[in-house]
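The next block holds one structure in the form of structure tokens; read it before the comments.
FYI, it's all coordinate maths here, none of it is from the lab. Note that the coordinates shown come from a computational prediction; the quantities given were computed from them, not determined experimentally. Glycine gets a Cβ as well: all are built from the backbone with ideal geometry, and neighbour counts include every protein chain shown.
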Amino acid sequence: MHMVCSMHLAFSATQGGTSQNNKGNSKPQFKPLQGLAQNFYESACPKAHDIIKSEVIKVINQNPSEAAGLLRIMFHDCFVQGCDASILLTKPMVSEQIATPNNASLRASTIRIIDQIKDQVEASCPGVVSCADTIALSTTLALELVGGPSIPMLVGRRDSQTAASNQTVIANIPAPQLSISGLKQNFQSHGLDSKDLVALSGGHTFGQAHCRVVDLQITPTVSTDLNAAFAANLSRICLPVNNSAKGGITVHLDFITKDVFDNNYYKNVLNKVAIFHSDAALLDAADTKQLVQLYAKDQSKFFEQFKISMIKLSQISILTGQNGVIRKKCTVPN
Ligand code: HEM
């Protein structure tokens, strides 16, 4: 894996896109977003990237599936009031962590890991590096360590001092039962298009789902989204689990390359062995179906778009400059 290099590019979250050059290849095209840079901490905390990198390497060596935990936390942070690390706040406010889409679903182990990484950074440069950047850098480094592309993540985000309400989290995090039009609408409301929807759904190429959510697809009847043998397997694992234990039992989102960030997700969608309705729904519109087919065949095309979409995700409603604060402890507002 490559260390994040120093580069002066900045990208716009909402105006990113692709253009066709005269060879027909699509080229990323971005506008600078003020306040972010890859070398933002170069003078105030030159070791920030190295500290985060060495912590993430330790974590992933011990448990590669934490990369999935990190990616989901970043997604759930950025989709709710922006990438401001509000998801890590636990007191004195009601935490986003217990909002319905997050409760007993985000990994507690991953949340602890982010806090630990931030503590290490604080020990070297107190009050300089934000929790929001700690999430963004840790996630991109972890993704690369488990096979994903190298993403030129920009930094300079600051943290919020408020958390969103349960209702706001529910309104912003897409539900697994959504149709393709519901998914497109949800992503559009965050400044993301169909290409981002398909590429970022590739996040389901690793990690896990709790039986509580799997049940939506297998009971009372088995969804036509699923291949029969696959559904029988899920039923064998999840149906005997009684309600009080549902929170603890999980299945792999990608049972073939479970901890690897690759394009296998798209093959799973085509083979009807991706778990959620929202995965199968990508085949219900011509534009998204075409991209699923393309990414299933060509991992480099997936990675190319995934990088662009991750940069866009990472810049949703961010706080920069004089806005927001640098939280020393990610769990508390100041
Ligand atoms: C498109 C709409 C999406 C829906 C409806 C959706 C829904 C879900 C659900 C229901 C789970 C399982 C939760 C549980 O059982 O506890 C899950 C897991 C996961 N999702 Fe999504 N998701 C979506 C998009 C995304 C995006 C955009 C990303 C990241 C870019 C992502 C990354 C993940 C990861 C990595 C996991 C596994 C987490 C872990 O193992 O801890 N998802 N998703």
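Tabulated results
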quantity	calculated
Cβ-based exposure ranking for 159, 196, 259, 287, in which fewest neighbours within 10 Å come first	287, 259, 196, 159
Gyration tensor (alpha-carbon) shape descriptor, the stretch 67-165, a/c threshold 1.5	oblate
Over the stretch 180-309 - Rg/Rh using Cα atoms and the Kirkwood inverse-distance radius	0.98
Inter-label distance for residue 290 and residue 323, nm, one decimal - labels placed 7 Å from Cα along Cα-to-Cβ	3.5
Between helix 286-297 and the chain: long-axis angle, C-alpha atoms, 0 to 90°, nearest 10	80
Coarse-grained scattering of the chain at q = 0.08, 0.09, 0.12, 0.15 Å⁻¹, given as base-10 log I(q)/I(0) from a Debye sum over alpha-carbon atoms	-0.35, -0.45, -0.82, -1.31
